[in-house]
Amino acid sequence: MKQENTALQPAQNSTAAQDTLVEFRGVKKTYDGENLVVKELNLEIQRGEFLTLLGPSGSGKTTCLMMLAGFEFPTGGEIRLDGQLLNKVPPHKRNIGMVFQNYALFPHMTVAQNVAYPLRVRGINGSERAGKVKKALDMVQMGQFGDRYPAQLSGGQQQRIALARALVFDPKLVLMDEPLGALDKQLREHMQIELKALHKRLGVTFVYVTHDQSEALTMSDRVAVFDQGIIQQLAVVDRLYEHPENLFVAGFIGDNNRFKGTLVPVQGAQSTQATLQLPHGARLSGFNANNAQANQAVIACIRPERIRLLAADGASEYALRASVSGLIYFGDHVRVCCSIPQQDDCFVKLTLSDPVLAGLHEGAQVVLDINPDHLRIFV
């Protein structure tokens with residue numbers, strides 16, 4: 001796998017070193033002594049960024065978060081926070097805030113007492129503690145709820161209290177393990193916007209774990225996509241979406257259409273250019289994302305919104321003929337399901353104002369305009 005220059009490298013200058021808050025150096029983790037859940041992880045987390053660890057269940061993302069929090073220890077390698085080695089430092093001595101999916105609030109304590117708990121264990125008392133609790137509650141717009149108990153709050157309110165508790169002692173770093181997973185869709189989307197705004201306002205470093213790719217794209221500065229204990233790609237969100245580096249990332253981030261075929265030799269073409277021949281003879285051009293070789297079996301991917309749909313008599317240099325097998329209404333757009341010989345169904349996303357919609361029906365013959373700038377070819 002080709003990785004960007006985001007893996008850990010020796011500091012080139014003091015400025016670069018000062019911008020790095022967390023370093024994973026060759027970190028491994030196994031629970032049974034045989035199978036590595038995390039494999040040779042090298043990662044730098046920059047001060048003040050919102051980094052999301054994204055991946056399916058069992059991919060290693062939560063294990064990385066737990067090792068950073070101190071609830072798990074690495075089998076090998078080093079984890080550093082501001083240059084300090086964390087490998088054997090207990091959680092309460094790391095100056096790291098943590099927000100869990102189930103909030104982990106004490107039911108017998110009031111909201112104010114829950115938020116004050118991290119200060120109490122750190123020996124902060126009196127007016128200083130009261131002032132910090134008030135500031136943290138006001139920060140999450142819960143200043144009027146200090147005397148209530150967790151059972152008297154909604155899920156979204158409990159999530160805010162858990163966040164206030166994680167922020168109250170001014171940590172260097174805040175870790176979040178799927179904190180919005182228990183909320184309904186509408187509230188979850190609202191809290192995503194709130195969390196992103198809070199991060200921007202505070203400038204604290206957030207590391208967030210989720211399996212929800214839309215959540216990751218909405219909130220993050222950068223996203224690390226995990227699979228089988230390895231970071232498959234680490235990039236800013238637009239690059240991750242537009243330029244996936246391998247087939248796993250292309251399939252996991254957003255929707256993608258796939259075309260199976262064989263890479264054909266092209267005389268004089270640049271190494272990044274490639275032509276794909278489909279089994280029924282049609283050809284497509286695209287970007288050779290991970291150095292596929294001529295005559296190899298490959299898969300080409302393109303986003304549904306990147307395909308232009310033309311009428312059957314439409315002319316296109318990159319035409320792929322198909323028949324409409326279904327129309328799915330999504331409220332703000334329509335997805336057109338198209339059948340292509342010897343391929344999986346292909347979906348095209350059209351706005352409601354697209355004039356081509358007027359003539360579409362099941363069985364209609366259409367042309368798919370596949371722009372090479374948006375087609376990525378993978379081994």
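The values are calculated or read from the model by the stated rules, or taken from the named source; none is laboratory data. Being a predicted model, the structure only gives us computed values, none of them experimental. Glycine also receives a Cβ, built like all others from the backbone with ideal geometry; neighbour counts cover every protein chain displayed. Ligands, DNA and RNA are excluded from the accessible area calculation, which covers all protein heavy atoms including side chains. Shrake-Rupley method; radii C 1.70, N 1.55, O 1.52, S 1.80 Å.
Of everything in the stretch 35-49 that is assigned to a loop (DSSP other than H, G, I, E, B) and open to solvent by 50 Å² or more (accessible area, probe 1.4 Å), the residue that is farthest from ILE231 (Cα to Cα) is ARG47. Could we say that SER214 is under 27 Å from CYS337 (Cα atoms) and touching a helix residue (DSSP H, G or I) at 6+ places or on another chain (Cβ under 6 Å) here? The answer is no for SER214.
Out of (1) over 15 Å from ALA112 (Cβ atoms); (2) aliphatic (A, V, I, L, M); (3) surrounded by fewer than 18 Cβ atoms within 10 Å (Cβ to Cβ), the odd one out for MET219 is which? It is condition (3) that MET219 fails. The sole residue among THR52, THR63, THR75 that is within 19 Å of GLN228 (Cα to Cα) and open to solvent by 60 Å² or more (accessible area, probe 1.4 Å) is THR75.
Looking only at the stretch 281-299, residues that are within 20 Å of LEU320 (Cβ to Cβ), modelled with pLDDT under 85 and surrounded by fewer than 16 Cβ atoms within 10 Å (Cβ to Cβ) come to 1 in all. PHE24 fulfils the conditions (1) modelled with pLDDT of 90 or more; (2) loosely packed, with under 14 Cβ neighbours inside 10 Å except for a single criterion, (2).
Hey, does the stretch 362-371 have a residue that's buried (at least 17 other Cβ atoms within 10 Å of the Cβ), over 26 Å from the mean Cα position of the chain (by Cα) and within 21 Å of TYR241 (Cα to Cα)? There is at least one residue in the stretch 362-371 that is buried (at least 17 other Cβ atoms within 10 Å of the Cβ), over 26 Å from the mean Cα position of the chain (by Cα) and within 21 Å of TYR241 (Cα to Cα). Comparison of ILE253, ILE302 shows that the only residue that is in contact with a His (Cβ under 6 Å, 6 or more places away or on another chain) and either hydroxyl-bearing (Ser, Thr, Tyr) or open to solvent by less than 40 Å² (accessible area, probe 1.4 Å) (or both) is ILE302.
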